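Q: The structure's right below; bear with me while I get my questions together.
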Amino acid sequence: MEPSDLTVDSLEEEATLACDAKGIPSPQYRWSLNGTLINLSTDSRRRLSGGNLVIRSLDRAQDGGIYQCTAFNPQGAILSRRASLQFAYLNLKTQTRSAVSVREGQGVVLLCGTPSYAGDLSFAWVFNEYPYFVQQDNRRFVSQETGNLYIAKVEPSDVGNYTCVVVNRITKGKVLSSPTPLPKIEVHFSDMVPAAKGSVVTLECFALGNPVPEITWRRANGVPFPSKVKMKNSNVVLEIPSFQQEDAGGYECVAENKMGKNTVQGRLSFHAKPQWVQTMRDNALSIEERLFWECKANGKPKPSYSWLKNGELLAAEDRIQIENGALTISSVNLSDAGMYQCVAENKHGIIYFSAELVVLASPPDFSRSPLRALLKAKTGSTVIMECRPQAFPTAISMWRKGNEPVQSSERITLLPDGTLRITNVTKMDGGNYACLARNQFGAASTTGRLLVTDPTQIIQGPVDMEIIVGESIVLPCQISCDPALDVSFSWAFNGQLLSNLDQHYEHVGGSTSGDLMIRNIQLKHAGKYVCVVDTDVESLSAAAILIVKGPPGAPDGVTVEEITDSTAQLSWRPGQDNGSPITSYIIQAKTAFTVGWQAVNTVPEVIDGNTLTATVVDLNAWVEYEFRVLARNSVGVGEPSPASLKTRTEDAVPDTAPTDVGGGGGSKSELVITWEPVPEDLQNGDGFGYIIAFRPLGEVNWTHAVTSIPSQSRYVYRNESIPPFSPFSVKVGAYNTKGQGPFSPVTIVFSAENGETLNRITSSKQKLTFSGETVGYRFRLYNDISFCGYFQNCRWLFSVLLAVIYPFLTGHIFDILQNVQESIMQFSFYSKFKVKHVL
């Protein structure tokens with residue numbers, strides 16, 4: 001962190017100039033004022049806080065000026081940028097001016113008269129009394145460059161007293177000025193205006209006149225203003241933020257009214273402080289090596305360069321060359337170590353960049369790079385032993401095997417950097433080796449042993465295999481190797497190391513075997529397996545492809561392409577065959593009326609593995625279906641596809657008649673007809689109901705009745721003219737909004753019977769007469785004269801068919817009279833009647 005220019009109030013008690021640098025060891029700091037070193041040990045008002053300079057009890061005479069920080073440690077010193085400390089002030093000289101007379105419609109200028117100052121100023125004008133400030137518009141303008149008030153066209157309302165207010169950040173003051181009418185453009189910019197890169201450039205242009213002139217701006221080259229340019233105060237002020245090279249050039253202000261126009265022109269020139277485009281890095285060189293540093297900076301005008309060493313100007317000499325931003329030291333020595341700064345400067349600013357040069361000088365040292373105590377190599381390989389001590393300058397090396405120097409040969413090479421290389425190594429090359437290194441500061445050596453071993457071989461590796469899901473296998477990996485070697489086994493699957501084995505994998509085998517067992521193989525285990533054998537001297541591998549076959553994967557994208565009242569055309573996309581080609585597909589369907597998924601009939605009846613469309617047949621009309629597809633291969637049937645969207649078949653005329661049509665019973669003069677309702681999934685459409693047709697047995701014309709309740713299962717026809725127990729031909733059909741469906745087969749149903757009558761009752765005999773077809777009798781014997789229901793306090797006495805019954809009970813006679821018809825034998829029911837006990 002470097003110090004910045006600072007403007008303070010003269011009433012302030014303290015000011016701080018920042019300075020912070022990094023280094024090892026941590027740097028110390030000193031400061032200079034106007035080029036003279038500040039003695040902080042004897043200065044009670046100034047002290048250091050870290051690297052920052054803190055000044056108390058500020059005094060303009062003693063403390064104002066140019067400051068510069070120097071950071072230093074045993075490695076060297078660097079300078080910061082220069083920074084100014086100035087005290088804000090504003091010397092006000094109030095002067096009462098005489099009244100000014102001006103004609104209405106004439107222009108006028110009230111001069112503020114800028115006082116001496118330090119710090120930024122702003123200007124305003126008070127009309128008559130504070131706080132009524134003059135409001136700027138297209139007729140009135142206050143220049144922030146000079147402070148003058150310009151009135152283009154005076155009106156009666158302008159008469160009064162004007163006070164100029166000059167403000168800086170700290171102080172305010174007032175001054176009166178006299179008017180100066182001028183018949184031309186009163187505010188304009190210079191012929192040449194310098195502008196710094198990145199700054200905000202403001203151009204002012206104001207004219208007097210009646211009518212009030214209109215101000216417009218344009219560039220001399222005719223190029224439109226970029227969008228960043230702003231017009232302010234009725235176009236009087238042109239503001240260009242973040243000034244760049246392309247903004248430089250000619251500018252023109254035009255003031256015009258109906259009386260004429262006037263024009264002023266000027267140029268904006270671009271200038272820029274230096275900015276780094278290339279810098280250097282810290283460097284550590286061995287003694288007698290060459291240093292080259294180069295720094296480059298942009299700026300306008302083009303910056304000049306100089307170099308500092310430890311804060312002092314560096315001059316060229318025999319070993320040191322300085323050319324523009326380049327520094328070259330041909331052969332560095334210990335005295336060249338230190339902190340260097342490249343300085344780039346033009347009239348608009350100065351910048352510094354720092355780097356450290358470390359010069360190294362030491363005898364050879366193998367503590368960081370000794371030879372391996374034991375180096376193993378297989379016969380026939382290439383051995384490389386490096387001799388790289390830390391030494392400045394670089395040491396000269398030589399090798400010995402045992403007590404004999406190593407000489408270069410067809411297989412042995414001594415490289416310039418001290419490396420020993422032996423190709424096609426044999427067991428004769430084994431032994432103890434030593435490297436000796438020396439420079440002008442001393443010598444050192446390092447030793448190690450070379451052990452040459454027999455090559456390792458994989459005698460049984462994994463082979464390509466095909467396996468079925470759920471089975472288990474062992475992939476072999478067995479070797480022969482030199483007993484002096486340390487051996488480790490690892491397996492990779494599809495390029496990834498099997499480091500964390502799950503329940504499917506297990507390493508099995510002894511010291512020379514790295515077999516891999518895979519249990520309960522799944523489809524995810526298919527791929528390339530590589531057994532890797534690592535020893536001290538080499539790495540071997542053997543690979544195999546494992547193909548896992550399983551049931552096919554689920555098909556996808558099941559779509560109902562077309563649907564009718566009984567068929568649906570489907571298409572789908574195949575899933576993975578999982579190692580075995582798909583041989584066929586199975587289609588299943590589900591409705592709200594089925595339990596789970598059911599296989600359906602298709603066309604073609606057998607869908608082969610190359611077919612991806614089929615038509616489902618024998619569907620029920622007006623039923624919402626979902627479909628799914630399963631694939632089959634030689635291993636089995638795979639998972640089902642996701643279900644298709646629910647799709648309803650078209651409606652159709654009913655094709656199913658009610659079943660179990662029958663009836664009988666009921667009350668006198670009734671014909672009761674019953675049937676089993678048609679299930680909802682067979683109703684084939686909306687508006688479902690039943691048509692009941694009946695006629696007396698032997699007649700031709702049918703009587704029809706209709707019910708629109710799909711769940712109804714009983715119909716009662718009542719007519720007083722119906723004879724008891726009279727046979728009727730009966731059939732029941734179905735209908736819906738599409739039309740009428742088939743009738744059930746005709747069946748015979750009898751009308752209701754009459755109840756029994758008791759003609760004569762005695763204490764010893766009862767005679768019953770009744771009408772109706774009788775096929776048998778069943779009597780209950782009651783123990784009292786109260787009513788006995790069929791299932792309470794009663795017991796059956798006996799049952800007979802078509803017979804006169806004389807019970808064995810003493811004193812009771814049941815005389816049954818009957819009229820039997822031949823045709824009644826086909827019906828299976830009992831006539832039941834109650835008999836009361838007579839005392």
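Q: Find how much the distance from Ser331 to Val508 grows on full extension, using 0.36 nm per residue of separation minus their present alpha carbon separation; answer in nm with one decimal.
A: Gain in length upon complete extension: 57.3 nm.
Q: Please give the calculated 222 nm ellipticity per residue for the chain, where each DSSP H segment of at least 4 residues contributes -39500 (n - 2.57) and the sum is spread over every residue; nearest 500 deg cm²/dmol?
A: 0 deg cm²/dmol
Q: Report the extension gain between Leu40 and Arg290 in nm, rounded to one decimal, defined as 0.36 nm multiplied by the number of residues separating them, less their alpha carbon distance.
A: Values: separation 250, 0.36 × 250 = 90.00 nm, distance 3.98 nm.
This chain segment gains 86.0 nm when fully extended.
Q: Considering only Cα-Cα distances, which of the following residue pairs are longer than 32 Å: Lys22/Lys197; Lys22/Lys228; Lys230/Lys273; Lys228/Lys273?
A: Violating the 32 Å limit, Cα to Cα: Lys22/Lys228.
Q: With +1 on each Lys and Arg Cβ and -1 on each Asp and Glu Cβ, and nothing else charged, work out how big the dipole of the chain is about its Cα centre, in Debye to the nearest 20.
A: 1980 debye
Q: Something else now. Sort the following peptides by mean Cβ neighbour count (other Cβ atoms within 10 Å, averaged over residues), highest first: 17-26, 711-720, 613-622.
A: Packing proxy ranking, top to bottom: 613-622, 17-26, 711-720.
Q: Nearest 20 debye, what's the magnitude of the dipole of the range 279-360 about its Cα centre given +1 on Lys and Arg Cβ and -1 on Asp and Glu Cβ?
A: Its charge dipole is roughly 480 debye.
Q: Using alpha-carbon positions, what is the distance between the centroids of the range 569-642 and the range 545-561, in Å?
A: Here the two parts' Cα centres lie 12 Å apart.
Q: What does the net charge come to around Asn283 if you take all other residues with beta carbon closer than 10 Å to its beta carbon, with K and R at +1 and D and E at -1?
A: Values: positive: Arg281; negative: Asp282, Glu289, Glu356.
Neighbourhood net charge equals -2.
Q: Still on this model: Along the charge dipole of the range 362-453, Cβ charges K/R +1 and D/E -1, which of Cys387, Ser362, Ala373 sits furthest on the positive end?
A: Ala373
Q: Sticking with this structure for a sec: I want the local charge near Ile582. Using Cβ-Cβ distances under 9 Å, sum +1 for each Lys or Arg and -1 for each Asp or Glu among the other residues.
A: -1
Q: While we're here: Kindly provide the Kirkwood hydrodynamic radius of the chain in Å, to one decimal, from all pairs of distinct alpha carbon atoms.
A: 43.9 Å
Q: Another question about this same structure. I want the local charge near Cys481. Using Cβ-Cβ distances under 14 Å, sum +1 for each Lys or Arg and -1 for each Asp or Glu among the other residues.
A: Charge balance near Cys481 sits at -4.
Q: For a quick protection proxy, order the peptides 631-637, 162-168, 481-487 by their average other-Cβ count within 10 Å, most packed first.
A: Details: 631-637: 17.7, 162-168: 19.6, 481-487: 15.3.
Those peptides, ordered most packed to least, come out 162-168, 631-637, 481-487.
Every read-out reported here was derived from the displayed coordinates using simple, explicitly stated rules and does not represent laboratory data. Since the structure is predicted, the reported quantities are computational estimates derived from the model, not experimental observations. Cβ: placed from backbone, ideal geometry, glycine included. Neighbour counts: every protein chain shown.
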